[in-house]
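Participant: Handing you this structure, nothing more for now.
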Amino acid sequence: MKTYFDHEKLDVYRESIAFCAWTGDLLNSISAKAAAKDQLDRASTSVPLNIAEGNGKFSAKDRARFLEIARGSALECAAALDVLVARKLVTSEQIENAKENLARIVQMLMGMLRRFSDFLREEGGEYGIEHEHEHEHDYERGEHE
């Protein structure tokens with residue numbers, strides 16, 4: 001797919017778009033009405049939207065704020081999936097890969113937040129970072145402009 005905007009080059013953005021596509025298919029397969037279904041739809045949409053908006057901000061503080069919102073939405077997606085399993089609308093097996101994808105998205109967002117958030121730089125805490133992604137490092141090399 002041809003890229004037109006900087007955020008489209010980010011691995012975390014592409015992962016979040018893939019998660020949105022998967023979520024749409026899952027939601028279409030659930031015929032029952034459930035608040036968690038609607039919440040999953042909204043939260044999964046919020047992740048890439050906030051990544052894109054945050055990536056367009058010039059100040060590190062503004063960028064971090066939107067990345068934090070995206071991270072919160074990704075965590076909300078994980079909880080919504082758990083609720084759907086608890087309500088027996090989907091199985092654990094159906095959501096296993098999606099939860100792994102969400103964990104990767106959260107890890108990537110935490111890596112980006114460490115660069116843009118004064119609080120996280122001071123704390124230096126880990127959030128299970130196992131993967132480094134090349135496009136997120138473009139900011140360190142000054143290739144984002």
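Participant: Return yes or no: is LYS99 under 15 Å from TRP22 (Cα atoms) and either surrounded by 20 or more Cβ atoms within 10 Å (Cβ to Cβ) or at pLDDT 95 or above (or both)?
Facilitator: Working: under 15 Å from TRP22 (Cα atoms): yes; either surrounded by 20 or more Cβ atoms within 10 Å (Cβ to Cβ) or at pLDDT 95 or above (or both): yes.
Considered against the rule, which asks whether it is under 15 Å from TRP22 (Cα atoms) and either surrounded by 20 or more Cβ atoms within 10 Å (Cβ to Cβ) or at pLDDT 95 or above (or both), LYS99 comes out as yes.
Participant: Sticking with this structure for a sec: Any residue that is assigned to a helix (DSSP H, G or I) and either surrounded by fewer than 20 Cβ atoms within 10 Å (Cβ to Cβ) or at pLDDT below 95 (or both) - is there at least one of those in the range 124-133?
Facilitator: So in the range 124-133, the residues assigned to a helix (DSSP H, G or I) come out as none.
So far as the range 124-133 goes, no, none of its residues is assigned to a helix (DSSP H, G or I) and either surrounded by fewer than 20 Cβ atoms within 10 Å (Cβ to Cβ) or at pLDDT below 95 (or both).
Participant: Can you tell which of THR45, THR23 is farther than 23 Å from LEU113 by Cα and within 15 Å of the chain's Cα centre (by Cα)? Please lay out each step first, then the result.
Facilitator: Numbers: THR45 fails: farther than 23 Å from LEU113 by Cα.
Residue meeting the stated conditions: THR23.
Participant: Moving to a separate point now. Under the condition of being basic (Lys, Arg) and farther than 27 Å from VAL90 by Cβ, which residue from the range 2-40 is least open to solvent (accessible area, probe 1.4 Å)? Give the steps one after another, and end with the answer.
Facilitator: As a first pass, look at the range 2-40 and keep what is basic (Lys, Arg): 2, 9, 14, 33, 37.
After this cut, where a residue has to be farther than 27 Å from VAL90 by Cβ as well, the list is 2, 9.
Numbers: LYS2: 142, LYS9: 87 Å².
Among those residues, the one meeting the criterion is LYS9.
Participant: Check VAL83 against each of (1) surrounded by 15 or more Cβ atoms within 10 Å (Cβ to Cβ); (2) outside any helix (DSSP H, G or I) and name the one condition it does not meet.
Facilitator: (2)
Participant: Suppose we keep only residues that are of a type in the set (D, E, K, R) and assigned to a helix (DSSP H, G or I) within the range 86-96. Which one would you say is surrounded by the fewest Cβ atoms within 10 Å (Cβ to Cβ)? Give the derivation first.
Facilitator: Residues of the range 86-96 of a type in the set (D, E, K, R): 87-88, 93, 96.
This time we only want the ones that are assigned to a helix (DSSP H, G or I), so: 93, 96.
Values: GLU93: 8, GLU96: 11.
Applying the filter and picking the extreme gives GLU93.
Participant: Being touching a residue at least 12 places away in the same chain (Cβ under 8 Å), of a type in the set (D, E, K, R) and open to solvent by 50 Å² or more (accessible area, probe 1.4 Å) is the filter here, so list the residues in the range 44-80 that pass it.
Facilitator: Of everything in the range 44-80, those that are touching a residue at least 12 places away in the same chain (Cβ under 8 Å), of a type in the set (D, E, K, R) and open to solvent by 50 Å² or more (accessible area, probe 1.4 Å) turn out to be GLU53, LYS61, GLU68, ARG71, GLU76.
The values are calculated or read from the model by the stated rules, or taken from the named source; none is laboratory data. Note that the structure is a prediction, hence the values are computed from the model and not measured. Every residue, glycine among them, receives a Cβ derived from its backbone with ideal geometry; neighbour counts consider all protein chains shown. The area values use the complete protein model at the heavy-atom level, side chains included, leaving out ligands, DNA and RNA. Shrake-Rupley method; radii C 1.70, N 1.55, O 1.52, S 1.80 Å.
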